[in-house]
C-alpha cells in the first residue's frame, strides 16, 4: 500500500482539504478511495480532494500521512502527475474559442452557433459538454481536417448537440437538429452529409472509403487516448450522465462497450489517428476493463450526484456510450 495523504490545509467550501494520492497506480488509489467511501466525484486527474473531517479516518484505514512536499515529490516520481494542457479544461475557458471557431466555420450565422452552445452547456451534462466539443474540434485539427472539410467540422458541432443519455436516439435527434437549422445556410447536399456523419457517431464504424466518417469517428474517440488521469475523469463524467442506472447495469453495460472496442482490429481508421492514439487508447481501455471486472467499484452515480450537491465536496466529472 502506497496511498499518501497530506495535511488538511487547502481551503474551499468552508473547510480545508487534504490530497489523497497513490505513488504506485491509479487503480490502487481508486480502490482505496472506494473502500474508504470517498466519492469518485472528488477525483481530480491525479488525486482525490478530501475534507478535513475524513483525514483521521483515512489515516486509520492505511493512508500514509506525509507533508505536502513529500506527497508531490512521490507523485511526480510515480509518473502519475497530470499538469496543464493534459488536464480537462474548465468549461468557461473553452467557450470564447468555440464562439470564434463557429464564426470561422459558418460566418454570419451567430444565432445558430449560440443555439448550439446552449445545447452543449446544459446543466445535466458532465462529459458531453462544451469541453468535449472543443476537444473533438481540436482533434480534427490534429488530423488536418481544415476548411475544405466543413461538413465534418459542422458534424462535430452537431454530433452531441442533443444528449439525453439515450444511445442511438440522441444521434438521430442531433442529426435532425442539423437538418432543421442548416438549410439555407449551406447547400442541400452538405446538410445531408452533416446529418449522415452525425448519425455515424452512434457506431463509430465508417466504411473503408468514408474519409470524412473516419475523421469524425477518430476525433470523437480520441478521448480514449488521453493520459490515464484525464481518462479516469472522462469515465467518471460519463458515469455521472447515467444517474438512474443501477450499479450492476452500469458495470455490465460499460464492460460490453469496452469489450466491443477492444475486439476491433483498429479503433482509429485514419492513418494519423492510428499512429497518434491507438496504443494509448488500448492501454486505457484495458486498464478500465480490469477495474470494472475487479472487486472494487466506484459509488453509484445517484450517490455521486447527491454528494455533488454537498458543498463540502469540491466541484469537478440504457447502455453507457463509448464516447
Q: Pull up the stretch 124-150, narrow it to residues that are at pLDDT below 90, part of a loop (DSSP other than H, G, I, E, B) and surrounded by fewer than 20 Cβ atoms within 10 Å (Cβ to Cβ), then point me to the one that is farthest from the chain's Cα centre (by Cα).
A: 146
Q: Determine if the stretch 219-239 includes at least one residue that is surrounded by fewer than 22 Cβ atoms within 10 Å (Cβ to Cβ), assigned to a helix (DSSP H, G or I) and more than 20 Å from the chain's Cα centre (by Cα).
A: no
Q) Just to be sure, is residue 269 under 19 Å from residue 220 (Cβ atoms), crowded, with 17+ Cβ neighbours inside 10 Å and in the same structural domain as residue 293 (by TED's automatic domain parsing)? A) yes
Q. Residue check, residue 107 against (1) outside any helix (DSSP H, G or I); (2) surrounded by 14 or more Cβ atoms within 10 Å (Cβ to Cβ), all met but one. Which one?
A. (2)
Q.
Suppose we keep only residues that are assigned to a helix (DSSP H, G or I) and either at positive phi or in contact with a helix residue (DSSP H, G or I) (Cβ under 8 Å, 6 or more places away or on another chain) (or both) within the stretch 252-266. Which one would you say is surrounded by the most Cβ atoms within 10 Å (Cβ to Cβ)?
A. 254
Q) Residue check: is residue 98 touching a strand residue (DSSP E or B) at 6+ places or on another chain (Cβ under 9 Å) and assigned by TED's automatic domain parsing to the domain that holds residue 127? A) no
Q.
Please go through (1) at pLDDT below 95; (2) touching a helix residue (DSSP H, G or I) at 6+ places or on another chain (Cβ under 9 Å); (3) surrounded by 15 or more Cβ atoms within 10 Å (Cβ to Cβ); (4) farther than 18 Å from residue 160 by Cβ for residue 37 and return the number of the only condition it doesn't satisfy.
A. (3)
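The values are calculated or read from the model by the stated rules, or taken from the named source; none is laboratory data. No experiment lies behind these values; they were computed from the predicted model shown. All Cβ positions, even for glycine, are placed from backbone atoms using ideal geometry, and neighbour counts span all protein chains on display.
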